[in-house]
Amino acid sequence: MTIISSQGLLDLSLLENITKKPELFAKDDGNFWQDPYISEHLLNAHLDDDSDQGSRKYQDIIQSVLWLSEYLKLPEDSKLLDLGCGPGLYCENFYGQGYAVTGIDFSQSSIDYAKEQSEEFKYRIKYVCQDYMEMDYKEEFDVITLIYGDLCVLSHADRTLLLQKVKKALKPRGYLIFDVFTKHYFENEEPEQSWYISEEDGFWSEEEHLLLQSHFKYKKDKVRLDKYTLILKNGEVKTHNLWKHYFSLERTISMMKESGFNVKEYWSDLQGKPFEENSPWIGMVAQKT
């Protein structure tokens, strides 16, 4: 799509239409997880231990894995599936605790990195580059992890479908470990609209571009949208929609029951911190009924 007309003029009405508030869970211009350039930047964000933009800081990951392993007390070689595994940071640490680990992620760059690390350090971890919405396991895993808000970025329909697939993939009495945002996650939110010019090697494109950032609220549905609109020098336009659903504790527990799980425990994180009403996160362990 381009905002330059055949007469070489800027089509302001088209630009206005592109940047307005979209319908809930509207699709964008494509899957940026598979874009070679963007996925490399996502990998760098995962590995940047000075930031928690891609993954939690490594010490927090270690503490979560140690806490959860002690909490579950499962036999060695119990089978664990990490959905949205990124470059394998959780996978490697769960493997170190004695689990037989499989990781799935949609980013080829992250999976390639995880495989390289696994080969270098002789980790017997299986990595699969796949959209986890397309997985089809049956009673294969003792534990499935879905960590750092992955449930929050899905549409209502996709979230329901994924939980059905998770339940099917778990062995009887198997565990789902996950975390979700609460409304307090957004207390330090960004302005509703902002923009900047990226000369080169920006996060979204290596070409010089104008980036328009918009943040929309869908209060009835408890959803936020971070919408990124890129305008290249030739007038080409690309949009990326990042949906963020937030949950109350009551809604999270209800969601688990509706999906066929019993909630075993919940915290303000996945390190055992007691739950607080103003926590930005809910960490939870649920068991397949």
- Within segment 75-124, which residues are farther than 22 Å from LYS57 by Cβ and buried (at least 24 other Cβ atoms within 10 Å of the Cβ)? LEU81
- Query: Looking only at helices (runs of 4 or more DSSP H) that fall completely inside segment 70-179, which ones have 2 or more residues that are farther than 30 Å from ARG251 by Cα?
  - Reply: 89-96, 108-121
- Can you spot a residue in segment 32-48 that is of a type outside the set (D, E, K, R), part of a loop (DSSP other than H, G, I, E, B), in the same structural domain as GLY98 (by the TED database) and crowded, with 16+ Cβ neighbours inside 10 Å? no
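Given the criterion over 30 Å from LEU68 (Cβ atoms), open to solvent by 40 Å² or more (accessible area, probe 1.4 Å) and assigned to a strand (DSSP E or B), identify the matching residue among TYR196, TYR228.
Step by step, each of TYR196, TYR228 is checked, and only TYR196 is over 30 Å from LEU68 (Cβ atoms), open to solvent by 40 Å² or more (accessible area, probe 1.4 Å) and assigned to a strand (DSSP E or B).
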- Selection over segment 49-62 where residues are over 20 Å from GLU206 (Cα atoms) and open to solvent by 70 Å² or more (accessible area, probe 1.4 Å) yields a count of 6
- Message: Name the residue that is surrounded by the most Cβ atoms within 10 Å (Cβ to Cβ), counting only residues in segment 12-31 that are out of contact with any strand residue (DSSP E or B) (no Cβ under 9 Å at 6 or more places or on another chain) and either in a helix (DSSP H, G or I) or polar (S, T, N, Q) (or both).
- Response: ASN31
- Query: Considering only segment 244-258, how many residues are in contact with a strand residue (DSSP E or B) (Cβ under 8 Å, 6 or more places away or on another chain) and surrounded by fewer than 19 Cβ atoms within 10 Å (Cβ to Cβ)?
  - Reply: 4
- Message: Looking at the structure I just gave you, is PHE275 surrounded by fewer than 17 Cβ atoms within 10 Å (Cβ to Cβ) and either within 22 Å of the chain's Cα centre (by Cα) or aromatic (Phe, Trp, Tyr) (or both)?
- Response: yes
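The values are calculated or read from the model by the stated rules, or taken from the named source; none is laboratory data. Small disclaimer: the values here were computed from a predicted structure and weren't measured. FYI the Cβ positions are ideal-geometry reconstructions off the backbone, even for glycines, and counts take in every protein chain you see. Quick note on the areas: whole protein, heavy atoms, side chains included, nothing else; ligands and nucleic acids left out. Shrake-Rupley method; radii C 1.70, N 1.55, O 1.52, S 1.80 Å.
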